[in-house]
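These notes are about the structure you will find just below.
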Amino acid sequence: MSDAVTDMDWQSFTLLIPGARWGRPLNAFNDILRAGFGTPEAGFIVKSVNSLLSRERLDDQMSVRQLGMRLGRADRTYRPRLRTELESARNHVEPTVFDRIVDIIRNHGPAGK
């Protein structure tokens, strides 16, 4: 891992590799941590500056907003799955945006997949 620590908000994952073009923030973050797309060979150290605030802001309501936006621009074949995820988020069953970020970090960490 690199000794560099980058403080960032959840929407700025695409800034980790200047000049690179990435997709949507969570997909971009996953791709960046996966490596092989211009990611530094030494990797990154991800530091949470205020995880309690992040958990509060990236809650079920944020999941509902995010899934609603995705549903609006999704291919029609993918919409049924997004509708199911959206309903689960409304019922507090679907993982929150915060939970998804933590899962991405865990998947790419030392004990990850």
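Can you name the residue in region 81-101 that is assigned to a loop (DSSP other than H, G, I, E, B) and buried (at least 18 other Cβ atoms within 10 Å of the Cβ) and is also modelled with the lowest pLDDT among such residues? For region 81-101, the residue satisfying everything is Glu94.
Here is a yes/no grid of residues against (1) within 23 Å of Lys47 (Cβ to Cβ); (2) surrounded by 15 or more Cβ atoms within 10 Å (Cβ to Cβ); (3) small (Gly, Ala, Ser):
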position: Leu67; (1), (2), (3): no, yes, no
position: Arg79; (1), (2), (3): no, no, no
position: Asp103; (1), (2), (3): yes, no, no
position: His108; (1), (2), (3): yes, yes, no
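The values are calculated or read from the model by the stated rules, or taken from the named source; none is laboratory data. Quick caveat, the model's predicted, so the values are computed rather than measured. Heads up, the Cβs are rebuilt from the backbone with ideal geometry, glycines too, and the neighbour counts pull from every protein chain shown.
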